[in-house]
Amino acid sequence: MIEIENMSFWYKEKSKVFDSLTMKLEPGKIYGLLGENGVGKTTFLRLIAGLLFPEDGNCTVMDYTPGKRQPGFLSKIFYLPEEFMVTHQKADEYARNVGPFYPNFEYNHYATLMQEFGVDGEKKLHEMSFGQKKKAMISLALACNTELLLLDEPTNGLDIPSKSIFRRVVARAADENKCIIISTHQVRDLEFLIDPIVILERNNVLLNESVESITRKLKFAVLPYIPEDALYSEPMMGGYGVVVPNPDGEESKVNIELLFNAAIANRARFAEWFN
Ligand SMILES: Nc1ncnc2c1ncn2[C@@H]1O[C@H](COP(=O)(O)OP(=O)(O)OP(=O)(O)O)[C@@H](O)[C@H]1O
């Protein structure tokens, strides 16, 4: 669905955000896009959406060149930025105006999602709180039913019940033809939703792997001690949260925060294991 080949991008040439980045993203998945502050997650989403243009290399999305912003392409993707300007329209009115640009948009689906999130669509968008606006825009994004959905920090601003609803409605929206990419720092909000996990690092991608492949190679545990072969450990309730190599393929549940910290602390080993 998304093929990126030797793509370089910079705002200022002497500090490249991406330098010859190559990666593939497939349909039927909900990707979790992680990375330290300033590493380029938003830039990555904007390149895929065609709002920024690669300086070098190629980025092809569903056989389109995003930067050309062709109508066929625009009707197949929905990009929801972390922060957005809203109009003075009522949320429902806005959905009725924007939705028809997307061939698979269903107003009833939008209305059901708004009800599920408990947002009053008769309220004007600019009079809503940040969380209410976010839920209205998430409802619209999902109801547009596009092949590609790009969500930048979608759970930022959502209260605890809304985060559960978000996980439920996104899981329900996923199907084999769709690719959903969620950029987030709130990994605990999305622990059981995102798979594969993509970790960006300065200039490039450090990891792009399914949870299954990660847990085949790594074991996550809470132990009363730090094992000698620990790739990463940190104190937590009950002992230490540790990430260790998993030569015997023992089953464990991925802890994304531990994975992230282990990857950052062991860049070379991760590159060797996973590439
Ligand atoms: N409009 C811009 N002009 C110049 N530099 C920019 C611009 N937007 C972003 N940058 C720089 O590009 C790099 C990547 O920024 P980006 O916002 O993509 O990172 P991010 O991973 O989304 O960060 P965060 O996790 O803090 O949201 C940063 O070093 C940032 O300072």
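The values are calculated or read from the model by the stated rules, or taken from the named source; none is laboratory data. Here the structure is a predicted model, which is why all the values come from computation and not from measurement. Cβ placement follows ideal geometry from the backbone for every residue including glycine, while neighbour counts extend to all protein chains displayed.
Quick notes
- Applying the criterion of being within 16 Å of the ligand (Cβ to nearest atom) and under 11 Å from the mean Cα position of the chain (by Cα) to the residues of the range 153-181, the residue that is surrounded by the most Cβ atoms within 10 Å (Cβ to Cβ) is PRO154.
- Residue list for the range 38-48, filter: touching a residue at least 60 places away in the same chain (Cβ under 8 Å) and either of a type in the set (Ser, Thr, Tyr) or within 9 Å of the ligand (Cβ to nearest atom) (or both): VAL39, GLY40, LYS41, THR42, PHE44, LEU45
- Of all residue pairs spaced 6 or more apart or on separate chains, those with beta-carbon atoms under 6 Å, a first member in the range 221-243 that is touching a residue at least 12 places away in the same chain (Cβ under 8 Å) and a second member that is surrounded by 14 or more Cβ atoms within 10 Å (Cβ to Cβ) and aromatic (Phe, Trp, Tyr) are LEU223/TYR240; ILE226/TYR240; VAL243/PHE220; VAL243/TYR232.
- If the condition is being in contact with a Pro (Cβ under 7 Å, 6 or more places away or on another chain) and either over 19 Å from ARG167 (Cβ atoms) or away from the ligand (no atom under 16 Å from the Cβ) (or both), then the range 182-210 contributes ASN208, GLU209, SER210.
- Residues within the range 129-188 that are of a type in the set (S, T, N, Q), over 13 Å from MET114 (Cβ atoms) and either in contact (Cβ under 8 Å) with a residue 60 or more places away in the chain or in contact with a Gly (Cβ under 8 Å, 6 or more places away or on another chain) (or both), tallied: 5
- Here LEU150 clears all of (1) more than 16 Å from the ligand (Cβ to nearest atom); (2) modelled with pLDDT of 95 or more except the condition numbered (1).
- Counting residues in the range 49-58 that are within 16 Å of the ligand (Cβ to nearest atom) and in a strand (DSSP E or B) gives zero.
- Subset of the range 51-68 [closer than 17 Å to TYR11 by Cβ and either of a type in the set (A, V, I, L, M, F, W, C) or in contact (Cβ under 8 Å) with a residue 24 or more places away in the chain (or both)]: LEU51, LEU52, PHE53, PRO54, GLU55, ASP56, GLY57, CYS59
- Filter result (within 23 Å of the chain's Cα centre (by Cα) and among the aliphatic types (A, V, I, L, M)) within the range 63-94: LEU74, ILE77, LEU80, MET85, VAL86
- 2 or more residues hydroxyl-bearing (Ser, Thr, Tyr): qualifying helices (runs of 4 or more DSSP H) within the range 150-247: 160-173, 211-217
- Selected residue [touching a helix residue (DSSP H, G or I) at 6+ places or on another chain (Cβ under 6 Å) and buried (at least 20 other Cβ atoms within 10 Å of the Cβ)] from PHE44, PHE18, PHE105: PHE105
- Filtering the range 120-145 to residues that are surrounded by fewer than 22 Cβ atoms within 10 Å (Cβ to Cβ), on the phi < 0 side of the Ramachandran plot and either of a type in the set (Ser, Thr, Tyr) or in a loop (DSSP other than H, G, I, E, B) (or both) leaves ASP120, GLY121, GLU122, LYS123, MET128, SER129.
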